[in-house]
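Written below as structure tokens is the structure these notes are about.
The values are calculated or read from the model by the stated rules, or taken from the named source; none is laboratory data. Bear in mind that the values here come from a model prediction, so they are computed numbers and not experimental data. Cβ: placed from backbone, ideal geometry, glycine included. Neighbour counts: every protein chain shown. The area values use the complete protein model at the heavy-atom level, side chains included, leaving out ligands, DNA and RNA. Shrake-Rupley method; radii C 1.70, N 1.55, O 1.52, S 1.80 Å.
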Amino acid sequence: MRAPLGWPGMAVTAAPIHWPRAGALVRTPVVTPLGLGLLAAGSVLVRTVHFGTGFWVDEGLSVGIADRPITDIPGVMRLDGSPPAYYLLLHLWIRLVGQTSEVATHALSLLLATLTIPVAWALVRALFGERAGWIAAVLFAFNPFLNAYAQETRMYTLVVLLGLVSVACFVGAFALGRSRRWTIGFAVAHAALLWTHNWGIFLGFSLAVCWAVLALRATGDERRRIVREGLVAAGVIVILYAAWIPTVLFQVAHTGAPWANAPKLAQLGLAPSRLLGGSGQWLLLIGAGAGLVPLLRERSRSWPPESRAAFATVLVALLTILVPWVVSQVSPAWATRYLAVAVPPLLLGVTIGLSRAGRLGLAVLALTALIWLGYNGNDEKSNVSDVAASVAPSLARGDLVISTQPEQVPVFNHYLTEQGVTGLRWATLWGPLKDVGVTDWRDGVKHLEATSPSRDLVPLLDATRPGQRVVLLQPDFSNLPNWRAPWLALVRERSATWEERMRNDRRFRVLSIAPTSSFPSHPNPVRTLVLVREPVG
């Protein structure tokens, strides 16, 4: 008979300890929300280092457009040149939080950036498995582009979120052959992206090229399925976007980006570093390449689904950067921030590569995340808030503010209002201004070319009563290479002419200049000249 365990004089052999495997731990119900929560918390810490940094010109436009009756916003966008979705969302957010401060409005961008973490995890996990899902979550949690724009009152984190859903669902529907719901998810997300930023058109074009290649490489039933699902997606997108098409065609013809120059080849080469962080991009691309190259070299007739997915993300990422660069050679509209549409396919391609690179991929991911912790946004975007604070004490109701750079009006008005200064008269180079929340970009260059001090400035000065102040707000032109685009060159020329005319008007005396330094250390610097009309006699 076998002795019971633990009897005196009997030897006891300890049972071996079986530690739970990592995969089992990950599947534990509490681990997933805990892991995503820790990633989100770490992400928020990085993305709030400069959370209260003052607005720059574009953020002033965001608040100026959103802080008006919601029904007015779509019509106003004909002047601005952008779709209305973000501004409608920001309007609702402002009404919810009851403030238009930097922290209050940046919080919406932070929320949208944080949402990319669980969304990336869920979509990528469904497509490529558990490891890939967590890699994607880490990449979207600490990506330098998102770190910067999570602290800015602009639409770019929303663009990344919608682009992530669009590209991931596209890969699921067309590269991996998933069900119709992936097709519908792609179409709805992409239509929402088109309502958010016009560069969604470039991403859409890149996806269409990829769809055509996938269809051509497929055979038989698979080709018919890809073609059919593509037509379904196109139909849904057209239906959802149709109402905005007349406006976007008008914007293309009349607004555009007159402030932009044709980008140089160097700017194309620097684009990945702008999106992936300068010092970490090569490490990340090399690590991802270790997993992507074997997939991309797969040349079997069957073309495995994972290889198709890798091909799709790489092709779309490259085209979404290259196509707008080429288009901007003819019609300049290049801006690094607009490359938000390229972040999702780029990070999804990197995710596939790292997930297939074994321990090397995990090591590269860890090192990249550590490097990215140092990219925590801009500590200053403009000196406009400081300049507004310096001139506000000398202003009173009825005084006149003339901005020679029209797009600076919304942000300067925002900060003067914060200082308690209201009831001012506003004007730009083309005369009196009624709506101080938006810039009219329609045929902007032609509009500025037609201005003259005798027609547009002198009547404003004549209407100023003795004792009233006139503020001339203009950019600082110390960095001349930044002022060569058609719109900006005219702003610089007209600013000099307007200032000379005002200084030579004997009815006015200069009260102050701010800032006093002629060599600003600020990004996007502005300066003011404050004059007072002398009493008659």
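Rounded to the nearest 10 degrees, the angle from helix 200-217 to the longest Cα principal axis of the chain is 30 degrees. Quantify, in whole percent, the carbon and sulfur part of the accessible surface of the range 340-498 (1.4 Å probe; protein heavy atoms only). Here it works out to 53 percent. Note on the range 97-195: dipole from Cβ charges, positive end direction compared against A175, G163, Q151; the farthest Cα belongs to A175. Once the chain from R359 to E449 is taken as fully extended at 0.36 nm per residue, the excess over their C-alpha distance is 26.3 nm. Here is how the number arises for the chain: DSSP H runs of 4 or more residues each give -39500 (n - 2.57), the sum is divided by the residue count, and the result at 222 nm is -18000 deg cm²/dmol. Its Cα gyration tensor gives the chain an equivalent ellipsoid, and the semi-axes of that ellipsoid, as √(5λ) in whole Å with the largest first, are 52, 28, 20. Each part gets one Cα centre, and for the range 116-145 versus the range 178-243 those centres are 22 Å apart.
Note on the range 362-472: dipole from Cβ charges, positive end direction compared against A392, L457, L429; the farthest Cα belongs to L457.
Once the other residues with Cβ under 12 Å from the Cβ of I402 are scored (Lys, Arg +1; Asp, Glu -1), what is the net sum?
On the way: positive: R425, R469, R494, R501; negative: D399, D456, E499.
With Lys, Arg at +1 and Asp, Glu at -1, the neighbours total +1.
Label sites at I286 and D386, each approximated as a point 7 angstrom past Cα along Cα to Cβ, lie 4.0 nm apart. Taking 7 Å steps out from each Cα toward its Cβ at L92 and H254 produces label points 2.9 nm apart.
Applying 1/(1 + (r/R0)^6) with r as the Cβ-Cβ distance of Q329 and E418 and R0 = 35 angstrom yields a FRET efficiency of 0.25. Electrostatic bookkeeping for V248 treats Lys and Arg as +1 and Asp and Glu as -1; over the other residues with beta carbon under 15 Å from its beta carbon, the sum is +1.
A full extension of the chain between A234 and N378 corresponds to an added length of 47.9 nm, given 0.36 nm per residue minus the alpha carbon distance. Only one residue of V213, A40, L115 has its Cα farthest out toward the positive end of the dipole of the chain, where Lys and Arg carry +1 and Asp and Glu -1 on Cβ, and that residue is V213. Relative to the longest principal axis of the Cα atoms of the chain, helix 130-142 runs at roughly 20 degrees. When each of the peptides 423-436, 162-175, 129-142, 503-516 is scored by the mean number of other C-beta atoms lying within 10 Å of its residues, the order from highest to lowest reads 162-175, 129-142, 423-436, 503-516. Summarising the label geometry, the points placed 7 Å from Cα in the beta-carbon direction at A126 and D72 lie 4.0 nm from one another. Restricting attention to the chain, close to 65% of DSSP beta bridges with both partner residues there are antiparallel. If the chain linking S521 and A243 were pulled fully straight, counting 0.36 nm for each residue of separation and taking away their Cα-Cα distance, it would gain 95.6 nm. Charge dipole (Cα centre; +1 on Lys/Arg Cβ, -1 on Asp/Glu Cβ; no other charges) of the chain amounts to roughly 1500 debye. As a length-normalised measure over Cα pairs under 8 Å and 6 or more apart, the relative contact order of the chain settles at 17 percent. For the range 309-358 versus the range 458-496, the spacing of their alpha-carbon centroids is 39 Å.
Hey, what's the chain come to in accessible area per residue, 1.4 Å probe, Å²?
Per residue, the chain has 45 Å² of solvent-accessible surface.
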